[in-house]
Amino acid sequence: GGVTTLDPGYKNTGSCESAITFLNGEEGILRYRGYSIEELADKASFLEVAFLLIFGELPNQEQLSKFAHDIKEQSVVDDDIKKILDAFPKSAHPMGVLSSLTSALTAFNPSSVNVDSEEAMYKTVVKIMGKFPVLVAWTMRKQKGLPLDYGDNSLGYVENVLKMMFKKPNEEYTQNPILVNALDKLLILHADHEQNCSTSTVRIVGSSHAGLFASLSAGISALWGPLHGGANQAVLEMLEAIKEDGGDTKKFMAKAKDKEDPFRLMGFGHRVYKNFDPRAKIIKKAADEVLADLGVEDPVLDIAKGLAAEALSDDYFVKRKLYPNVDFYSGIIYRSMGIPVEMFTVMFALGRLPGWIAQWREMRLRKEPIGRPRQIYIGETHRPFKEISKR
Ligand code: CMC
């Protein structure tokens, strides 16, 4: 028999049991494996959080060192990947490039699709943890016309990504600890968010037993959209547009409230958080600190703050429980770090990688069935075929 009830957008449909991330949208609580996001952002490193999400426990020093070592051993991508990258125009959106290269990795690492044992699964996991930052850096270097380098294995995970992104030829590269800390924190805040659009995509693609890299590539495509991870780029473009237009936030607020106008206030609202997004709170504070540390004065931050203050006291937004989300302030930090706006969602993907991996791994270990929703058919009933001359 067919189904009789629908839940478009799965607003009230659970797809799995999960022990990874706890989220209470009413109270604004977010915990990874039971640890609060506030504490993790403050005290842990991104690699520790990745280990926690994927394997369930915070690593001890020995486990963390081994994890970091195994990832470094896998941090070279096949040089032929450069040929694929070369074929893209410089104007290509980095998210499209990243998704393509992630999928292409399967061709260069065919053994990665064998995840029948815990050991094989571990190998695949450290492979992608090692190679993904290289792809992230290369998508940016491609756009900027910079030569493609491999990482520096003497550095930590986040330091290494930054160096791969920003190192200029014939120039000494010095780490800026402010940037390292800021990025570490941002990546932790983005690392998992239970069954969001891209994570559900990774789980559903993986549920057909497609390989991890192919599943991740699909997740990256899902993240790209402006209603999801692409919001961080859209927010900054919106704030710039407000600035260009003379800074009249009220005008844009009115547009967002006008039901005839498809414009939405980007970086506002969330499917699950209905009081505040705990990540946005941490990021707002971090944005203030990073900009102060770097001595950057960004008029766009003032526009953002003005807009947020207005929305928070506006009936339309209050009634619909629309609050700034994680993407509202993150772009301001990325921009102050010198990251181009089209790369913002790529940075989100870098942070979300361990979450996607953890969710995929959980799905496979629990031997979940293939994801296959039902529908209610509303098309034509049976019709006789009509010859082309008679149509
Ligand atoms: N600006 C203006 N109105 C909004 C907004 C907004 N940003 N978000 C929701 N609404 C209105 C919407 O029009 C609807 O009004 P009504 O009840 O009168 O029809 C009501 O609020 C409920 O919205 P919805 O679209 O039914 O809610 P949803 O849960 O389907 O969508 C959302 C959630 C995040 C997609 C949506 O709030 C949105 O489009 N926000 C802007 C994009 C954004 O910032 N996305 C990032 C989300 S957080 C990080 C991530 O996922 O990557």
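Given the criterion small (Gly, Ala, Ser), touching a Leu at 6+ places or on another chain (Cβ under 8 Å) and closer than 20 Å to Ser200 by Cα, identify the matching residue among Ala41, Ala50.
Ala50
From the list Val290, Val272, Val205, exactly one residue is of a type in the set (Val, Ile, Thr) and within 11 Å of the ligand (Cβ to nearest atom). Which is it?
Numbers: Val290 fails: within 11 Å of the ligand (Cβ to nearest atom); Val205 fails: within 11 Å of the ligand (Cβ to nearest atom).
The match here is Val272.
Only one of these conditions is not met by Arg374: (1) touching a residue at least 24 places away in the same chain (Cβ under 8 Å); (2) closer than 21 Å to His190 by Cα; (3) more than 16 Å from the ligand (Cβ to nearest atom). Which number is it?
If we test Arg374 against (1) touching a residue at least 24 places away in the same chain (Cβ under 8 Å); (2) closer than 21 Å to His190 by Cα; (3) more than 16 Å from the ligand (Cβ to nearest atom), just (2) comes out false.
From the set of residues in the stretch 1-33 that are of a type in the set (Gly, Ala, Ser) and under 20 Å from Trp356 (Cβ atoms), which is surrounded by the fewest Cβ atoms within 10 Å (Cβ to Cβ)?
In the first step, residues of the stretch 1-33 are kept if they are of a type in the set (Gly, Ala, Ser); the result is 1-2, 9, 14-15, 18-19, 25, 28.
Next, from what is left, pick out any that are under 20 Å from Trp356 (Cβ atoms): 14-15, 18-19.
Values: Gly14: 8, Ser15: 15, Ser18: 18, Ala19: 11.
It comes out as Gly14.
Counting only residues that are among the β-branched types (Val, Ile, Thr) and surrounded by fewer than 17 Cβ atoms within 10 Å (Cβ to Cβ), which one in the stretch 287-346 is farthest from the chain's Cα centre (by Cα)?
So the residue we want is Val318.
Select from the stretch 111-121 the residues that are touching a residue at least 40 places away in the same chain (Cβ under 8 Å) and in a helix (DSSP H, G or I) and write down the one among them that is nearest to Val76 (Cα to Cα).
Within the stretch 111-121, the first condition is being touching a residue at least 40 places away in the same chain (Cβ under 8 Å), and the residues that meet it are 112-113, 115, 121.
Those left that are additionally in a helix (DSSP H, G or I): 112-113, 121.
Details: Ser112: 15, Val113: 18, Met121: 19 Å.
Among those that are touching a residue at least 40 places away in the same chain (Cβ under 8 Å) and in a helix (DSSP H, G or I), it is Ser112.
Conditions (1) closer than 21 Å to Ala182 by Cβ; (2) not assigned by TED's automatic domain parsing to the domain that holds Ala41, marked per residue:
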site	(1), (2)
Ile283	yes, yes
Asp288	yes, yes
Asp314	no, yes
Lys319	no, yes
Pro324	yes, yes
Gly331	yes, yes
Gln359	no, no
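Taking the stretch 219-252, which residues are of a type in the set (Gly, Ala, Ser) and within 16 Å of the ligand (Cβ to nearest atom)?
Applying the first criterion (of a type in the set (Gly, Ala, Ser)) to the stretch 219-252 yields 219, 221-222, 225, 229-231, 234, 241, 246-247.
Result: Gly219, Ser221, Ala222, Gly225, Gly229, Gly230, Ala231, Ala234, Ala241.
I'd like to check which helices (runs of 4 or more DSSP H) are fully inside the stretch 34-110 and have at least 1 residues that are under 19 Å from the mean Cα position of the chain (by Cα) and closer than 18 Å to Ala358 by Cα.
By residue number, 37-43, 46-55, 94-108.
Would you check which residues across the stretch 129-170 are more than 26 Å from Leu64 (Cβ to Cβ), in a loop (DSSP other than H, G, I, E, B) and of a type in the set (A, V, I, L, M, F, W, C) and list them?
Correct list: Leu146, Leu148.
I need every pair where a residue in the stretch 47-69 that is of a type in the set (D, E, K, R) has its Cβ under 7 Å from the Cβ of a residue that is not in a helix (DSSP H, G or I), sequence separation at least 6 or different chains.
As it stands, the answer is Glu48/Leu58; Glu48/Pro59, since those pairs meet every condition given.
All but one of (1) more than 10 Å from the ligand (Cβ to nearest atom); (2) modelled with pLDDT under 95 hold for Gln195; state the number of the condition that does not hold.
That leaves (2) as the condition not met.
Taking Pro278 as the residue in question, decide whether it is within 13 Å of the ligand (Cβ to nearest atom) and closer than 24 Å to Asp7 by Cα.
Values: within 13 Å of the ligand (Cβ to nearest atom): yes; closer than 24 Å to Asp7 by Cα: no.
No: the conditions fail for Pro278.
Only one residue in Met347, Met363, Met343 is closer than 30 Å to Cys16 by Cα and in contact with a Phe, Trp or Tyr (Cβ under 8 Å, 6 or more places away or on another chain). Which one? If you could, list the steps in order and put the result at the bottom.
On the way: Met363 fails: in contact with a Phe, Trp or Tyr (Cβ under 8 Å, 6 or more places away or on another chain); Met343 fails: closer than 30 Å to Cys16 by Cα.
Selected residue: Met347, the only one of Met347, Met363, Met343 that is closer than 30 Å to Cys16 by Cα and in contact with a Phe, Trp or Tyr (Cβ under 8 Å, 6 or more places away or on another chain).
The values are calculated or read from the model by the stated rules, or taken from the named source; none is laboratory data. These figures come from a predicted structure and were not determined experimentally. So basically every Cβ, Gly included, is an ideal-geometry build from the backbone, and we count neighbours across all protein chains shown.
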